[in-house]
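Notes for the one structure printed next.
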Amino acid sequence: MSEPFRKKKQYGQNFLTNAAIPARIVRESGIDSSCGILEIGPGLGALTTQLAPVAAKVVAVEIDSEVIPPLLERLKPFSNVTVIEQDILQTDLHALLEEHFPGMEVCVCANLPYYITTPILMKLLEGKYGFRSITVMVQKEVAERLCAKSGSDGYGAITASVSYYASVRRLFSVPAGCFSPKPKVDSAVIRLDLYQQPPVHVESEELLFEVIKAAFLQRRKTLCNALTAYFPFLTKEACARILQDCGLRADIRGEMLSLEQFASLTNSLQKEKER
Ligand code: SAM
């Protein structure tokens with residue numbers, strides 16, 4: 001296909017050239033004809049053209065005005081696709097969903113622009129939009145991080161935070177050679193199935209995310225040192241008592257804690273804060 005514009009590095013434009021990859025993304029995303037799809041960054045439509053025949057409706061948000069004319073040309077055979085020229089991070093998703101998908105179950109599917117992977121994922125999760133699933137291509141290292149088990153090298157604040165909202169599965173790897181231009185990194189497709197109810201109960205979600213953040217800020221500190229450095233209300237004595245009450249060793253590091261343990265720690269810290 002002739003490409004009438006220069007691909008823009010600043011927008012993370014690495015387009016899929018191997019048609020088998022978007023077809024496999026759609027197949028393994030669990031999308032069916034009842035689903036509305038929000039696609040982020042359709043680019044030249046490699047994924048959009050595979051989503052449109054399968055889903056009820058596709059709304060694709062693309063930041064680059066120059067990519068839109070060739071994209072619309074390619075999407076002419078599909079009457080169920082709407083392209084919106086916008087920055088996804090600035091998009092009012094509640095309004096978009098209400099306008100385009102009233103009463104419908106919506107899945108997100110995208111080959112993400114890697115420079116904003118984390119802000120996009122956190123926006124999709126924190127907004128509590130009721131998405132059924134989010135299937136996205138990300139950098140291989142991000143996929144590993146999001147699927148890491150507690151205590152392993154890749155386990156971090158984002159792993160624990162995301163696990164509050166969704167179960168994450170790595171679907172398959174995608175070598176750099178499947179894109180044009182070829183990126184410097186390998187990729188993987190992951191699927192997040194969102195929980196209707198969080199898997200743990202916390203009195204304060206805000207405090208849970210603060211605790212997770214504090215625990216990973218200085219990975220080499222013990223959890224007790226990390227928490228007392230972060231929360232002014234917490235003394236060393238109180239922290240030691242709380243860890244013991246939660247069944248955690250005094251010298252444990254934050255990276256060892258599962259989401260359930262972060263939740264029980266959060267609820268104890270909440271009580272301490274209110275004392
Ligand atoms: N889906 C296409 C594919 O698989 O070939 C393109 C994927 S490319 C990795 C990422 C796309 O996201 C590009 O089209 C880029 O212009 C778009 N993009 C980058 N930043 C964006 C943003 N903030 N909001 C919406 N789209 C964005």
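The values are calculated or read from the model by the stated rules, or taken from the named source; none is laboratory data. What you are looking at is a predicted structure, and each value in this text was computed from that prediction instead of being measured. Ideal geometry is used to build each Cβ from the backbone, glycine not excepted, and the neighbour counts take in all protein chains shown. Calculation scope for accessible area: heavy atoms of the full protein, side chains included, ligands and nucleic acids excluded. Shrake-Rupley method; radii C 1.70, N 1.55, O 1.52, S 1.80 Å.
Points worth noting:
- Dipole magnitude of the range 1-106 about its Cα centre (Cβ charges: Lys, Arg +1; Asp, Glu -1), debye to nearest 20: 520
- Tensor-based shape of the range 16-73 (alpha-carbon gyration tensor, a/c under 1.5 rounded, otherwise prolate or oblate): oblate
- Take the Cα of Ala23, step 7 Å toward its Cβ, do the same at Phe172, and the gap between the two points is 1.0 nm.
- The 1.4 Å probe gives accessible areas that order Phe131, Phe78, largest first, as Phe78, Phe131.
- Among the GluC sites (Glu not before Pro) in the range 186-218, those located in a DSSP loop and surrounded by at most 16 other Cβ atoms within 10 Å of their own Cβ are Glu203.
- Expressed as a whole percent, the accessible area of the range 116-238 that falls on carbon and sulfur atoms is 49 (1.4 Å probe).
- Once the 1.4 Å probe is applied to the protein heavy atoms, the chain comes out at 48 Å² accessible per residue.
- Its DSSP H runs of at least 4 residues, each contributing -39,500 (n - 2.57), put the calculated 222 nm mean residue ellipticity of the chain at -10500 deg cm²/dmol, to the nearest 500.
- Of Lys213/Lys273; Lys8/Lys184; Lys57/Lys182; Lys236/Lys273; Lys7/Lys182, pairs whose Cα-Cα distance is over 19 Å: Lys57/Lys182
- Considering all C-alpha pairs of the range 129-275, those separated by over 18 Å amount to 60%.
- FRET efficiency for Asp32 and Leu72, using Cβ-Cβ distance with R0 set to 22 Å, rounded to 0.05: 0.30
- √(5λ) per eigenvalue of the Cα gyration tensor, the chain, largest first, Å: 40, 19, 15
- The chain, relative contact order [Cα under 8 Å, separation at least 6], %: 15
- Shape class of the range 73-112 from the Cα gyration tensor (axes a ≥ b ≥ c, square roots of the eigenvalues): oblate, since a/c reaches 1.5 or more and a/b does not exceed b/c.
- Dividing the radius of gyration of the alpha carbons in the range 58-127 by their Kirkwood radius gives 0.95 for Rg/Rh.
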